[in-house]
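The values are calculated or read from the model by the stated rules, or taken from the named source; none is laboratory data. This is a predicted model, so every value here is computed, not measured. Every residue, glycine among them, receives a Cβ derived from its backbone with ideal geometry; neighbour counts consider all protein chains shown.
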Amino acid sequence: MTLENKSTLFLTSPPSTMKDDVVNSPKHYRMQGVEAIDIMEMSMTEEEFQGYLKGNILKYLIRYKHKSKPKEDLQKAQWYIEKLINKI
């Protein structure tokens, strides 16, 4: 995605009735309709961003047994895996 395509991200705001989705779109990672992941992607090369995704996959896979919500961490790992697959 080019910077021109991403610039529209800054022009939209999420509906106030949007339910918080802690796996796919946590509220604390979204501000003024822009998600932190989109800003991070814009600031990196494709290779850097894929490495970032891989690091998050490993983070969630390594720690899921040690957290109070293991299923949620595995779902987050899955989210990053799907994002990485879509980038390749």
Answer yes if at least one residue in the stretch 29-49 is surrounded by 14 or more Cβ atoms within 10 Å (Cβ to Cβ), of a type in the set (A, V, I, L, M, F, W, C) and at pLDDT 95 or above, and no otherwise.
-> yes
Which pairs have Cβ atoms under 8 Å, sit 6 or more apart or on different chains, and link a residue in the stretch 70-88 that is without any contact (Cβ under 8 Å) to a residue 60 or more places away in the chain to one that is polar (S, T, N, Q) and part of a helix (DSSP H, G or I)?
-> LYS76/ASN56; ALA77/ASN56; TYR80/ASN56; LEU84/GLN50; LYS87/GLN50; ILE88/GLN50
